[in-house]
1. I need the phi-derived Karplus couplings for segment 272-279: 6.51 cos²θ - 1.76 cosθ + 1.60, θ = phi - 60°, integer Hz, Gly and Pro marked x.
2. For the chain, divide the Cα radius of gyration by the Kirkwood radius and give the resulting Rg/Rh value with two decimals.
3. Rounded to whole Å, give me the distance from the Cα center of segment 129-207 to that of segment 254-299.
4. How would you order 278-289, 252-263 from highest to lowest mean count of nearby Cβ atoms within 10 Å?
5. Calculate one ³J(HN,Hα) per residue across segment 26-42 by plugging θ = phi - 60° into the Karplus curve 6.51 cos²θ - 1.76 cosθ + 1.60, and present them in order as whole Hz with x for glycine and proline.
6. Please identify the longest segment of the chain free of exposed trypsin sites (Lys or Arg not before Pro), where exposed means a DSSP state other than H, G, I, E or B and no more than 12 other Cβ atoms within 10 Å.
7. Which FRET efficiency value, to the nearest 0.05, is calculated for A117 and D62 with the Förster distance at 51 angstrom and r the Cβ-Cβ distance?
8. Hey, any idea what Rg/Rh is for segment 154-250, computing Rh the Kirkwood way over Cα pairs?
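Read-outs: derived from the displayed coordinates by stated rules, not from any lab. Because the structure is a prediction, the values reported are computed rather than measured. Glycine gets a Cβ as well: all are built from the backbone with ideal geometry, and neighbour counts include every protein chain shown.
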Amino acid sequence: MTSATATQTPPPTKKRLKRRAGDSVFLGLSTASAVSILVILAGVAIFLILRGLPAITANWADNPSLSAIQNPAQVPWTSFWEYVGPLLWGSIWAALIAMVLGTPVAIGVALFISHYAPRRLASALGYVIDLLAAVPSIVFGLWGIIVIRPLLLPLSDFLSTYFGWIPLFEGPVSSTGSTMLAGGVVLAIMILPIVTSITREIFLQTPRLNEEAALALGATRWEMIRLAVLPYARSGMVSATLLGLGRALGETMAIALIISPSIIYSVKLLTDGYNSQTIAANIALNFPISDDIQRSALVGTGLMLFVISFGVNILARWIVGRSGPAATRKPKRRKEGAAA
């Protein structure tokens, strides 16, 4: 046994694998891309803060240029927050209208493409939906002016006549169609490609075995979707919806062309001139004709929109982390002294 033990070879030592040149290049490019995203994000934030800080901290009551900025009511603004408040409300209000109108349609279209339509029809619809994302905002705005505004006039009269007691549909009804309802409809169509495309891909990733098991147990197609597809795709649907919300918050030209706005707090959908203005449209309309301090105020409103969009993304990540398939629940610890 001594000789056999002596002839045993020592265990091989672990050698560090030599990294290939391609792997090193790919690692460097990936790292540089990730760092560049953070640098660009920080640069945008710093630029907005530095350019908007003079107007944010200024005394608006003693500055005629600031107190008179876009002030049709001839009531001077007393602070930056009094000016940006209605704009924040208008941006959020228009985006919420778009989400309420567009999200159910987008999810329904995605469900039809993934589980109901024949393969050829599903492919054609998928291409059409994806092409909508390539249409410029100005085209949607012109289409809203020419088509959507006249189309919604009979509906506006009907809603005001029979539901005018609700603040949303309170008159006077616009005769031109430049209403928040028209802007919300156009925004809803603009977010369709994003929400539909992402939701469709999530629906298609549902495990086939789960669907077949539900059908084998006697479930109808809708019951199979409700029990197997929708629970699996919940986090993806939330992510798609919040991405669409981000698109609606930052939309500029369509809202600027369609809505007849004022810097006020308003929930009316059918009026002309009593619509809350959005931050993006306000910047696009007033930046070329503003002086230095007024441009600083506009940049400050852009900073507020940046913060809101950043918060929406953080909320999306939190919801996905809490409701996604990878989310795990921590087991409860047993109390000390409990019986084993």
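1. So the J values, rounded to whole Hz, are 10, x, 10, 9, 6, 6, 9, 5.
2. Using only Cα positions, Rg/Rh for the chain is 1.14.
3. If we compute the Cα centre of each part, the gap is 19 Å.
4. Working: 278-289: 19.0, 252-263: 22.8.
Final packing ranking: 252-263, 278-289.
5. With coefficients 6.51, -1.76 and 1.60, one gets 5, 4, x, 5, 5, 5, 5, 5, 5, 5, 5, 4, 5, 5, 5, 4, 5 Hz.
6. Working: sites that count: K14, K15, R16, K18, R19, R20, R329, K332, R333, R334, K335.
With a cap of 12 other Cβ atoms within 10 Å, the longest stretch comes to 21-328.
7. Details: r = 64 Å, r/R0 = 1.25.
Once the sixth-power term is evaluated, E becomes 0.20.
8. Working: Rg = 19.7 Å, Rh = 16.5 Å.
Dividing the radius of gyration by the Kirkwood radius yields 1.20.
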